[in-house]
Amino acid sequence: MEKDKKVVILGIESSCDDTSAAVVCDGVLLSNVTATQYVHEKYGGVVPEIASRAHEQNIIPVVHEAIAMSGLDKKDLNAVAFTRGPGLMGSLLVGTSFAKGLALSLNVPLVDINHLQGHILAHFIDEPNVETPHPKFPFLCLLVSGGNSQIVLVKAYNDMEIIGQTIDDAAGEAIDKCAKVMGLGYPGGPIIDKLARQGNPKAFVFSKPNIAGYNYSFSGLKTSFLYTLRDFVKENPNFIEENKIDLAASIEFSVVDILMNKLKKAAKDLGIKEIAIAGGVSANNGLRNACREAAEKYNWNLYIPKFSYTTDNAAMIAMAGYYKFLDNVFCDISLPPYSKVIFD
Ligand code: KG4
């Protein structure tokens, strides 16, 4: 590449139910367009077949709009970055195939992005004329979403190590399932968050996991919540309705407590004070407040993402693509998407 030429990356995200495209120029975000599939709400969860069909319909207009909004042309792109996994296979195939076709037609390299690493690198999204503090390496990132709960040691943009992760349910999955048992809508996380703000977090106590190291477990908590509800509802059929806010506050408190205990332990053991949170559950107010309290107490430099970058978005994929491009790490066109977690 010529020395002073700008680096322009298109990012494409299609791992679940959001079709998103973004353009980054020299590490600055120029556009970020997302089509969210609300069709799944009425089914109480994402229906994979419907998701992949919706991606197929959305991908061309979303990419087109992202390029148009960036003020650039597709001929300006230096690489196409895309989410290769983990996620729903049918959804990933749409973004992957589209990215491959576009990269081939433009004769530019392909950059494959691990969706989870993308969530972490959301902390490096720079918007024009906005000062965003970036975590300094090495930092610890609590990555919490509907499919994953991990503590990641981030040594560099392209060097990350999972030091702890859930051995069963993810934090978001557990919250969503508890919300479902209470008859709340989908996804339950934001609804629990809203209700919890008015409730008493100590009203109900649920069983806590006892797992070694920095690993998590949430399935026991979920079962404990279910049995508590079952026992109280036997006595009083209106129990859930009458105790909705306290139940929400108590389950949120338990999840946050479990997440924070391991994060504090890891930070102390490794002597790291640069701490970040990422993923859908990092939008949770209870978790954000608990992190702020811990930051105050333990002198952490805390990094909390903007709400719009907690959920799935292509800005984080384009940004991750930019740093892989700078390191000359490209993807062979023959590589397929992957549905399960792998860290390269
Ligand atoms: O990262 P994400 O958008 O998608 C993946 O799982 O990859 O995370 C979605 C998860 C869902 O479980 C959703 O309920 C949860 O994030 N979530 C929240 C909040 N907003 C989203 N959980 C608790 N409080 C919130 N405010």
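The values are calculated or read from the model by the stated rules, or taken from the named source; none is laboratory data. Computed from a predicted model, the values in this text were never measured in an experiment. A quick note on method: Cβ atoms are made from the backbone with ideal geometry, for glycine too, and the neighbour counts reach across all protein chains shown. Keep in mind that these areas ignore ligands, DNA and RNA; they rest on the heavy atoms of the full protein, side chains included. Shrake-Rupley method; radii C 1.70, N 1.55, O 1.52, S 1.80 Å.
Antiparallel DSSP bridges in segment 139-307: what percent, to the nearest 5? That works out to approximately 60 percent antiparallel.
Largest accessible area first, the listed residues E235, E252 line up as E235, E252 when surface is computed with a 1.4 Å probe on the assembled protein chains.
Here the accessible area of segment 24-76 is 54 percent carbon and sulfur, with a 1.4 angstrom probe and all protein chains present.
In this Cβ point-charge picture (+1 for Lys and Arg, -1 for Asp and Glu), segment 139-307 has a dipole of about 280 debye about its Cα centre. Projecting the Cα atoms of W300, F239, N285 onto the charge dipole of segment 139-307, computed from C-beta unit charges around the Cα centre, puts W300 farthest toward the positive end.
For the chain, set up a GNM with springs between Cα atoms under 10 Å and report which of L221, L106, L88 has the largest fluctuation. Maximum among the listed residues: L106.
Largest accessible area first, the residues S105, S254 order themselves as S105, S254 under a 1.4 Å probe with ligands, DNA and RNA left out. Accessible surface area normalised per residue over the chain is 45 Å², counting heavy atoms of protein chains with a 1.4 Å rolling probe.
Take the Cα pairs of segment 139-307, get the Kirkwood Rh, then feed it into Stokes-Einstein at 20 °C and 1.002 mPa s and tell me D in µm²/s.
Numbers: Rh = 16.2 Å.
Calculated translational D: 132 µm²/s.
Find how many whole Å separate the alpha carbon centroid of segment 163-219 from the alpha carbon centroid of segment 72-150. First find each Cα centre; the distance between them is then 27 Å. Can you list the residues of segment 169-186 with backbone N under 11 Å from a point 7 Å past the Cα of V233, pointing along Cα to Cβ? The answer is 180-184, whose backbone nitrogens lie closer than 11 Å to the label point. Can you work out the FRET efficiency for the pair H64 and A156, with r the C-beta to C-beta distance and R0 = 30 Å, to the nearest 0.05? Approximately 0.35, to the nearest 0.05. What the phi angles of segment 163-173 give under the Karplus curve with 6.51, -1.76 and 1.60, with θ = phi - 60°, is a coupling list of 9, x, 7, 5, 9, 9, 6, 7, 4, x, 4 Hz, glycine and proline written as x.
Within the chain, the percentage of alpha carbon pairs spaced more than 32 angstrom apart rounds to 32%. Charge dipole (Cα centre; +1 on Lys/Arg Cβ, -1 on Asp/Glu Cβ; no other charges) of the chain amounts to roughly 620 debye.
Between G199, A267, G220, whose Cα lies farthest towards the positive end of the dipole of segment 139-307 when Lys and Arg beta carbons carry +1 and Asp and Glu beta carbons carry -1, centred on the Cα centre? The listed residue farthest towards the positive side: A267.
Our compactness index for segment 14-146, the C-alpha radius of gyration over the empirical 2.2 N^0.38 Å, is 1.09. Running a GNM on the chain with Cα contacts under 10 Å, which residue among S97, S31, S20 ends up with the highest mean-square fluctuation? Comparing S97, S31, S20 in a Gaussian network model of the chain, the most mobile one is S97.
Compared with the alpha-carbon gap, the fully stretched path from K194 to K136 is longer by 17.7 nm at 0.36 nm per residue.
Working note: Cα gyration tensor of segment 1-76, eigenvalues times five, square-rooted, sorted largest first, giving semi-axes of 30, 10, 9 Å. First select every other residue whose beta carbon is under 11 angstrom from the beta carbon of I240; then total the charges, Lys and Arg +1, Asp and Glu -1. That sum, taken over residues with Cβ under 11 Å, equals -1.
Placing unit charges on each Cβ (+1 for Lys and Arg, -1 for Asp and Glu) gives segment 139-307 a dipole about its Cα centre, and among A248, G183, I151 the Cα reaching farthest toward its positive end belongs to I151.
Basic side chains Lys and Arg get +1 at the Cβ, acidic Asp and Glu get -1 at the Cβ, and with that the dipole of segment 1-147 about its Cα centre reaches some 300 debye. Listed values for segment 265-276 are Karplus-derived 3J(HN,Hα) couplings in whole Hz (6.51 cos²θ - 1.76 cosθ + 1.60, θ = phi - 60°), namely 4, 4, 4, 5, 4, 8, x, 10, 10, 8, 10, 10, and x replaces Gly and Pro.
What relative contact order, as a whole-number percentage, does segment 94-236 give when Cα pairs under 8 Å and 6 or more residues apart are counted? It comes to 16 percent, rounded to a whole number.
In this label model, D327 and S219 are separated by 3.3 nm, measuring between points 7 Å along each Cα→Cβ vector. Across the chain, the mean sequence separation of Cα contacts (distance under 8 Å, 6 or more residues apart), normalised by length, yields a relative contact order of 24 percent.
Local charge for V23 was computed over the other residues whose Cβ lies under 12 Å away, with Lys and Arg +1 and Asp and Glu -1, and equals -2. On the accessible surface of segment 139-307, probed at 1.4 Å, how many percent belong to carbon and sulfur atoms? C and S fraction of accessible area: 50 percent.
Output the peptides 131-142, 326-337 sorted from most to least packed, where packing is the average of other Cβ atoms within 10 Å over each peptide's residues.
Final packing ranking: 131-142, 326-337.
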